[in-house]
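Shown next, in structure tokens, is the structure this report addresses.
The values are calculated or read from the model by the stated rules, or taken from the named source; none is laboratory data. Not measured: the values here are computed from a predicted model. Cβ placement follows ideal geometry from the backbone for every residue including glycine, while neighbour counts extend to all protein chains displayed. Areas reflect the complete protein model, heavy atoms only, side chains present, ligands, DNA and RNA absent. Shrake-Rupley method; radii C 1.70, N 1.55, O 1.52, S 1.80 Å.
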Amino acid sequence: MESNKETNRKLDKIIELLAKSEVRNQSNEMISDSERLIKKAEKEGDEASIKIQTSFDRIHDKLFAINSILIVLFVGLSKFPINNPIFQLWIFILPILNIFYLVFLEKSQMEIFRHASQRMNWNFSTDVEKYGRMINSQNLKSLLSILTTIGLTVFAAFKIILY
């Protein structure tokens, strides 16, 4: 009887150790799954950031092209017709100023990329907030450049239509 109790106690101890081992294995699997999900989320975040940056670049490239067309349009229509030109010659300065503003935007975007590239060295109490401010500021600056380009285009269209 004594040996049955001893055997049962040892079996209970083995079952308890196996249960703890199973819990440990499940915990390790959960941790592994969690780490995999975190890495996936970080990768998706990085990919989204790259897509956003690419979108900004594409938008700015299109704005450069539109402003270049506006410069040619304003210069050409400041000479046509010869006796009563549609635009004054000085008006072509507006899209040139807008192009300079777009160059400034590209420089600002480069500073954001430079700051983001140093992410591993950030002081998280200050640099994360600084990065957020830089992104928000860049968004507003880009919106302003879009609006000024649209404004110049609408101005040119109305001026030509009403001529």
Query raised in the report: Hey, any hits in the stretch 77-88 for a residue that's modelled with pLDDT of 95 or more, surrounded by 11 or more Cβ atoms within 10 Å (Cβ to Cβ), under 21 Å from T153 (Cα atoms) and not basic (K, R)?
Result: no
Requested in this report: Return yes when N136 is over 13 Å from the mean Cα position of the chain (by Cα), free of Cβ contacts under 8 Å to residues at least 40 places away in the same chain and open to solvent by 60 Å² or more (accessible area, probe 1.4 Å) and no when it is not.
Outcome: no
Report task. Would you point out the residue of the stretch 119-133, among those that are in a loop (DSSP other than H, G, I, E, B) and at pLDDT below 85, that is most open to solvent (accessible area, probe 1.4 Å)? Result -> F124
Query raised in the report: From the list I15, I31, I82, I59, which one is closer than 19 Å to I150 by Cα and not basic (K, R)?
Result: I59
Requested in this report: For residues that are open to solvent by less than 60 Å² (accessible area, probe 1.4 Å) and more than 15 Å from the chain's Cα centre (by Cα), scanning just the stretch 89-118, find the one that is nearest to D46 (Cα to Cα).
Outcome: L102
Report summary line: Residue set R24, R36; condition over 30 Å from F113 (Cα atoms), modelled with pLDDT of 80 or more, surrounded by 10 or more Cβ atoms within 10 Å (Cβ to Cβ) and out of contact with any Asp or Glu (no Cβ under 7 Å at 6 or more places or on another chain); output residue R24
Report summary line: I66 fails exactly one of (1) open to solvent by 60 Å² or more (accessible area, probe 1.4 Å); (2) farther than 26 Å from L143 by Cβ; (3) of a type in the set (A, V, I, L, M); (4) at pLDDT 90 or above, namely (2)
Report summary line: Scanning the stretch 144-163 for residues that are exposed (fewer than 12 other Cβ atoms within 10 Å of the Cβ), not in a loop (DSSP other than H, G, I, E, B) and not aromatic (F, W, Y) gives L147, V154, A157, I161
